[in-house]
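Right, one structure below, let's go through it.
The values are calculated or read from the model by the stated rules, or taken from the named source; none is laboratory data. What you see is a predicted model; the values in this text were computed from it and never measured. Here the Cβ positions follow ideal geometry from the backbone for every residue, glycine too, while neighbour counts run over all protein chains shown. Surface accessibility is based on the protein's heavy atoms, side chains included, excluding ligands, DNA and RNA. Shrake-Rupley method; radii C 1.70, N 1.55, O 1.52, S 1.80 Å.
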Amino acid sequence: MKFIYSSTFIFFLQHAVADLGVYHNSPDFDAGNYGAYPIQTYNSTNLVSPRLNVLQSSSECEDGLYTFLTPRGGATNEASAMILDGDGNMVWKLQGYNQIYNLLVQEYKGEQYLTFWAGNDAVGGHGAGFYYMLDTSYNHVMKIGAVGGLDGDLHEFRITEQGTAFFTVYEIVQVDLTKLGKSSFGPIWDCLIQEIDIVTGELLFQWRAADHFSIADTYKEISDRGEPGREFDWFHMNSIDKDPKGNYLVSSRYLHAIIYINGRTGEVIWTLGGKKNMFKDLSNGHATSFAYQHDARWSDNFTSITLFNNAVDDEHPRIAVTRGLRIRVDQAEMTAELVADYVNPHKIRGISQGSFQTLPNGNAFMGYGNTAAFTEYSHNGTVLCDTHYGPESQFGAGHVQSYRIYKYEWYGWPTSDPDVAIFRDDDKGWRLFVSWNGATEVTEWILQATEELDTDDEDWDDLASLERVGFETEFDLGSSYQRYMRVLGLDSSGRVLGVSDALDITQDNAWNLAPLRIEQTETGWLNILIGVCGLTGLGVGFREGLASWRSRRKPIRLQLV
């Protein structure tokens, strides 16, 4: 390990958090006056992040978890995966893929990973791509594909404690469509579960919907589908969960059903909802009448099922209001009872996508898919926190959307260096900005400077120490400066986690933004001042006084890891 010893030398510095912060209950935001996707830009990086409109907040949402989303749509520059903190500030962003869906935190062999799907999402309402795993330093460690020459679908990818992964797959097959009014066989998108060994890629389990359900069980109108080149998406599997028994819980959007499947034989154990419903509804039909739903999960120690009940789709966008459901299921008595529902105060109608997550504290967290909103509820359905990342006036248009939105604990240690940029403002003062994409553990920034670049670490002067708040932090240097500057990122114990490149403020390449040269006319006053100081001896006096002051200070020991 390397150790840095430095004294602290603070002068002519002010600072401010560079992030703009969220809007609070802004009518202009929701009217679309700030655009279809209001964003925050930064000075130290070209990354951008959403600038949120927080409509309702509560201390009950302050659980220390981060928010994980994958914004995409016509209003975004490109699809991305993103982490936000509890105040709505960006923590990390990844881009550079065609489309990105389903950003999760998952455990594999005792370590935490970010996982997501990336690929082509313009394939008949599903995806053709791969699943990616990133470690806590954001290194790509694994790329996983489907088996049998098929494509990995965007809807689901989950890692098990046994080191396996299961996911959704779509495949075109020919079936008899006469029950739906067609004259003969035609192409459909069949839905598969595949579970594989992550290390070997061996296929451990496979299940096909068309082997267990009739095409007539669908609620989807076939219209001109089922013809060559126009495959019929009759089932639309969009989530898979697995219980300790090894059985699978599957959501079928177009069967309006949740299906429980034997993990050894593939036989259907029971079906909740839809035309093949097997449960007695104890809630006057409200426990089994969900439609077009997403993200069905076991909850409450496997006694309840939660789901995102879209209740609408693009062909029936106004028939109901989207809500989350918590349904108690008694598998012995085969009864279902609605114990809580979760309705957004703005009566959102989410025509596609969506997520429902039960948080560690028991709260429910919902992302509204095609609609740019996410909401946290108490366990019983009381709204606690409500946030928009696109204007309500454009809900349903899909200008910006995220397939799912979840909350997780996460610790990230990027291998990159902190990003810095420095430039002059209109008052001729110097301003330095620093950020570090993905660095969750930085709590403090230390600005250092020196006149000689080829110097030991202990010869860099500490100019200021600022608390890291938000994604980007600003140092206001005023009009005085030293030639070379750099920034250190420290954790809460004082360890140096990273050091930025040194900026030479006399060179054009000191800036990440448009460079601003130091012109003679701009520094004339400084030259005069230096001359006066030289004539009066003040410059020498200041230097000697500073040296004496330094000698009395105890150095701060900073550990670089």
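Annotations for the structure displayed:
- When both region 127-166 and region 56-126 are represented by their alpha-carbon centers, they are found 15 Å apart.
- Taking the centroid of alpha carbons for each part, region 182-199 and region 317-331 are 27 Å apart.
- Highest average packing first - 447-454, 255-262, 233-240, 466-473, Cβ atoms within 10 Å: 233-240, 255-262, 466-473, 447-454
- In region 35-103, a dipole from Cβ-located charges (positive for Lys and Arg, negative for Asp and Glu) runs towards its positive end, and of Gln56, Leu69, Gly96 it is Gly96 whose Cα lies farthest in that direction.
- Phi angles of region 443-455 translate, via the Karplus equation with coefficients 6.51, -1.76, 1.60 and θ = phi - 60°, into HN-Hα couplings of 10, 8, 10, 10, 8, 10, 8, 7, 8, 10, 6, 7, 9 Hz per residue; Gly and Pro are given as x.
- Cα shape, the chain, gyration tensor, a/c 1.5 rule: prolate
- Placed amide H near Ile100: partners under 5 Å, 5+ positions off or other chain: Ser80
- Helix 538-552 axis, angle to the chain major axis (alpha carbon atoms, nearest 10°): 60 degrees
- The apolar share of the surface of the chain, taken as the fraction of accessible area on carbon and sulfur atoms (1.4 Å probe, ligands and nucleic acids excluded), comes to 48 percent.
- Where region 77-176 is the region considered: accessible area per residue in Å², 1.4 Å probe: 37 Å²
- Of His140, Ala257, Ser492, farthest towards positive along the dipole that unit charges on Lys, Arg, Asp, Glu beta carbons give the chain: Ala257
- Unit charges on C-beta of K, R, D, E only; dipole of the chain, Debye: 820 debye
- Taking a sphere under 10 Å around the Cβ of Asp63 and counting the other residues whose Cβ falls inside, with K and R at +1 and D and E at -1, yields a net charge of -3.
- When peptides 403-414, 135-146 are ranked by their average number of other Cβ atoms within 10 Å per residue, the highest-first order is 403-414, 135-146.
- 3J(HN,Hα) along region 329-338, derived from phi through the Karplus expression 6.51 cos²θ - 1.76 cosθ + 1.60 where θ = phi - 60°, amounts to 10, 9, 6, 7, 8, 6, 10, 10, 9, 6 Hz, with x in place of Gly and Pro.
- Computed magnitude of the charge dipole of region 252-404 (debye, nearest 20; Cβ of K, R +1, Cβ of D, E -1): 200 debye
- Cα centre as origin, Lys/Arg/Asp/Glu Cβ charges: region 157-313 dipole, Debye: 380 debye
- Backbone amide hydrogens, once placed in the peptide plane, bring Leu463 within less than 5 Å of Phe9, Leu447, Gln448, Ala449, excluding anything fewer than 5 places away on its chain.
- GluC sites (Glu not before Pro) restricted to region 51-116 and DSSP loop, no more than 16 other C-beta within 10 Å: Glu62, Glu78
- Using θ = phi - 60° and Karplus 6.51 cos²θ - 1.76 cosθ + 1.60, couplings along region 165-172 (whole Hz; Gly, Pro as x): 9, 10, 7, 8, 9, 10, 9, 7
- Charged neighbours of Lys242, selected by a Cβ distance under 11 Å, balance to -2 (K, R count +1; D, E count -1).
- Rounded tilt (10° steps) of 520-536 against the dominant C-alpha axis of the chain: 40 degrees
- Residue-normalised accessible area of region 371-464, given per residue in Å² at a 1.4 Å probe: 34 Å²
- Between amide H atoms placed 1.01 Å from N, distances below 5 Å from Asn437 occur with Asp419, all of them 5 or more places distant or on a separate chain.
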